[in-house]
Amino acid sequence: MRQCLAVSTSVLIGVFLLSACATVQRMTADQVQATFVGMTGYGTSANGEPFVTYLAPDGTIRLRRNGQSDAGRYRIEPDGVLCVQYQAYRQGQDVCQSVWKGTDRYYTTQSNGQPGVTITTVKPGNAENL
């Protein structure tokens, strides 16, 4: 009986995890463009720090985190990867991340597979005047 219960529990956990995974889908370039360009995104970085960012239609990006502002450029690759390069943040390195749509938020993963940011809210325009 215990063995049967353990197997049933394992199967239920596996089904739950698979169903949770099914609700997260990698976004295409068109989807990233339509969802984020001309919008203000609110979220948290991988280490839990809150941030707000605005992707302007002209390819510029503005960021505010920890009370500091930064600006730079972004591009959306044909496969939907979003690349950003700020003036100061990450010493001006070009950072590219895949974008994923969940049920009620968006996620990014870095090229090395590590978690990126979580975006919980997207508002039209430059809602924070960044």
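Values in this text are rule-based calculations from the coordinates and carry no lab data. As the structure is a computational prediction, the values presented were derived from the model and not from experiment. Here Cβ is always computed from backbone atoms with ideal geometry, including for glycine, and neighbour counts include all displayed protein chains.
Sorted by average packing, counted as other Cβ atoms within 10 angstrom per residue and highest first, what order do 78-84, 112-118 take?
78-84, 112-118
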- Query: How big is region 35-130 by the Kirkwood estimate over distinct Cα pairs, in Å?
  - Reply: 13.3
- What nm value, rounded to one decimal, do you get for the distance between Gln91 and Lys123 when each label is placed 7 Å out toward the C-beta? 3.5
